[in-house]
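Worksheet: one structure, shown below.
The values are calculated or read from the model by the stated rules, or taken from the named source; none is laboratory data. On a predicted model such as this, the values are computed, not experimentally measured, just so you know. When we count neighbours, we look across all protein chains shown, and the Cβ atoms used for this are built from the backbone with ideal geometry, even at glycine. To get the accessible areas, we keep the full protein, side chains included, count just its heavy atoms, and leave off ligands, DNA and RNA. Shrake-Rupley method; radii C 1.70, N 1.55, O 1.52, S 1.80 Å.
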Amino acid sequence: MKKFIALALGMALAVSSVTAERISTIGVRGDLSFSVGSELGSDIKDVYKSFGVNLDPTTEVGGGVTLLIKNTFSNNIVLQGEFGFAHNVVGFEGDGVEMTFSCNTLNFAALFGYDFLLAQNTVALTPFVGIQAGYILGDCDSEVTVSGTTQSDSGSVDSISLSSLLFGVEALVSVGPGHIVLDGRYNLGLFPVRDDDSDIATFRALQLGAGYSWKLN
């Protein structure tokens, strides 16, 4: 499955850069992510359950910056490539225990969408679906607080990437020489981060972004 995602992503980005009838915009976007629907690894969950502790996901805030290239075909079909950096955070709590896990990733994404042109073509509203591979950079950090006592740790993990499906809507609003970019999406993590043959957590998040893009033709 992971090999298929990597192959599909590579092919989509290649098509995006080579075969698009025209490249319409290039831009940069700042992102805020709110962990929603993340899952704690079953091994860790079972350990805490054995002590009568049930951990539920909390909403943690991460963020990042993304370079985007939007290619538009003559029939309003959109293929968008993205490249960016993200700080990913998930959290869990319950019965006096609080836990967070975070890592930084270098993300590559390919989005497929359709442009709906509004307000005399000054606004492009683009629902999209896509795939993303986020390659883990450096060490990952964890912090566990039990009854007010906090223990922190940092180190490498066995997993090398976070793979996910993307669903959302992007809006481009014509302002000045380019466009204001507004983006809302859900990042559905597919596989948990693993270390020492144990599942740690699956990253999932609601992401909101804003930026600016420029016309290239």
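What the table shows:
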| read-out | value |
| --- | --- |
| Single residue of the range 16-29 satisfying the filter (within 16 Å of Ala110 (Cβ to Cβ) and open to solvent by 60 Å² or more (accessible area, probe 1.4 Å)) that is modelled with the highest pLDDT | Ile23 |
| 1 or more residues within 23 Å of the chain's Cα centre (by Cα): qualifying strands (runs of 3 or more DSSP E) within the range 24-126 | 56-58, 61-72, 77-94, 97-114 |
| Candidate set: the range 34-66, residues that are among the charged types (D, E, K, R) and in contact (Cβ under 8 Å) with a residue 40 or more places away in the chain; chosen: the one least open to solvent (accessible area, probe 1.4 Å) | Glu60 |
| Filter result for the condition that a residue is modelled with pLDDT of 95 or more and over 19 Å from Tyr114 (Cβ atoms), over Leu32, Leu40, Leu9 | Leu32 |
| All strands (runs of 3 or more DSSP E) inside the range 129-217 with 1 or more residues being closer than 15 Å to Gly84 by Cβ and open to solvent by 20 Å² or more (accessible area, probe 1.4 Å) | 161-175, 178-189, 204-215 |
| Positions within the range 131-155 being in contact with a Gly (Cβ under 8 Å, 6 or more places away or on another chain) and within 16 Å of Thr105 (Cβ to Cβ), in sequence order | Asp139, Cys140 |
| Of all residues making up the range 99-113, the number that are closer than 18 Å to Phe203 by Cβ and surrounded by 17 or more Cβ atoms within 10 Å (Cβ to Cβ) | 10 |
| Matching residues in the range 86-101 - criterion: being closer than 18 Å to Gly30 by Cβ and either among the acidic types (Asp, Glu) or touching a residue at least 40 places away in the same chain (Cβ under 8 Å) (or both) | Ala86, Asn88, Val89 |
